[in-house]
Amino acid sequence: MCLAGFGNLPGHVEFWNREKLQLVSKFQASDTTHFEWCPDGEHFMAATTAPRLRQGNGYRVWHYSGRQLFTWSPAGPTDELWEVKWQPVAPGTFPVRPVIGVQTSVSQESKNKPAVYRPPSARGTTSSLKLHETEAPKVVGAAAAAKAEDAKPLSKSAQKNKRRREAKKPEEATPASAPSAATGSITQAQRDAVAMATALTAPPMTIASSADNEKKIRALRKKLQQIEKLKAQQAEGKTLESNQLEKLKNEAELVKQIEELSIAG
């Protein structure tokens, strides 16, 4: 039985023994557009015909073991092979021959199969992966060493120390789980009252007030900058209007307000 892929496929060909379900040979017949068995049941023809494919135009005769026995291509540069067929023969002309054994190329390929990739950190250790859900994963590395260490029989002193450690575990867990005698058990109402008292006695939040003070200080500093500009104009001899003169009188008050807000903030 032949399994092959041509056309858009690369032309890999496999021949199998149907009775033993065994791969006999495996090779490649590239650029094949027409495949046909020979009436003797041992040879086949792989042809590259036009107009489907003009590159490599011709045909080749193979034995199913993978040996190419004959090849033909057009002689002239303008000649093309469009169709090729085996000459028909009467049934029973060729005797039935047994299927050959597995070819060397197939057996060598199975031996040279690349090994499954494993990262450098996992090489030299037993895999912890499991193939089936019912299979328990294998423990490797430090966990395996710890497990092997636990499996060793303990000495009398080690057993005594182990019992002491196990006896201390419930004692250490008791204070954390049991309520203390000083506080006793607290009801939900008491916890709510404590939370309310804490909120009332807590210092007021100053984030909002600090932000307001910063805004006020920035506004006062802008007024001081305007006053500095007016003083410079007055020094140059420019006559100021009455509202501008009023601004100059408020300089000391503005400085005082900035100082107070800076202390409060």
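The values are calculated or read from the model by the stated rules, or taken from the named source; none is laboratory data. Bear in mind the structure is a predicted one, so any value in this text is a computation, not a measurement. Positions of Cβ are backbone-derived with ideal geometry, glycine not excepted, and every protein chain shown enters the neighbour counts. All accessible areas refer to the heavy atoms of the entire protein, side chains included, with ligands and DNA or RNA removed. Shrake-Rupley method; radii C 1.70, N 1.55, O 1.52, S 1.80 Å.
Residues that are in contact (Cβ under 8 Å) with a residue 24 or more places away in the chain and surrounded by 14 or more Cβ atoms within 10 Å (Cβ to Cβ) number at least 2 in the following strands (runs of 3 or more DSSP E) confined to segment 1-54: 12-17, 22-28, 34-37, 43-48.
So that you can scan it fast, the table gives a plain yes or no per residue for (1) modelled with pLDDT under 90; (2) out of contact with any strand residue (DSSP E or B) (no Cβ under 9 Å at 6 or more places or on another chain); (3) surrounded by 14 or more Cβ atoms within 10 Å (Cβ to Cβ):
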{"residue": "LYS229", "(1), (2), (3)": "no, yes, no"}
{"residue": "LEU240", "(1), (2), (3)": "yes, yes, yes"}
{"residue": "GLU246", "(1), (2), (3)": "yes, yes, no"}
{"residue": "GLU251", "(1), (2), (3)": "yes, yes, yes"}
{"residue": "LEU254", "(1), (2), (3)": "yes, yes, yes"}
{"residue": "ILE258", "(1), (2), (3)": "yes, yes, yes"}
{"residue": "LEU261", "(1), (2), (3)": "yes, yes, yes"}
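One residue stands out among those in segment 212-227 that are more than 60 Å from the chain's Cα centre (by Cα) and without any contact (Cβ under 8 Å) to a residue 24 or more places away in the chain: the one that is least open to solvent (accessible area, probe 1.4 Å), which is GLN226. For segment 197-206, indicate whether the set of residues that are at pLDDT 70 or above and surrounded by 10 or more Cβ atoms within 10 Å (Cβ to Cβ) is non-empty. No; the residues of segment 197-206 include none that is at pLDDT 70 or above and surrounded by 10 or more Cβ atoms within 10 Å (Cβ to Cβ). Counting only residues that are closer than 21 Å to VAL84 by Cα and of a type outside the set (A, V, I, L, M, F, W, C), segment 13-49 holds 14 of them. Would segment 87-97 turn up any residue that is part of a loop (DSSP other than H, G, I, E, B), open to solvent by less than 80 Å² (accessible area, probe 1.4 Å) and in contact (Cβ under 8 Å) with a residue 60 or more places away in the chain? No, that holds for no residue.
Evaluate the following for LEU81: is it open to solvent by less than 80 Å² (accessible area, probe 1.4 Å), out of contact with any helix residue (DSSP H, G or I) (no Cβ under 7 Å at 6 or more places or on another chain) and not charged (D, E, K, R)? So LEU81 fits the description; yes.
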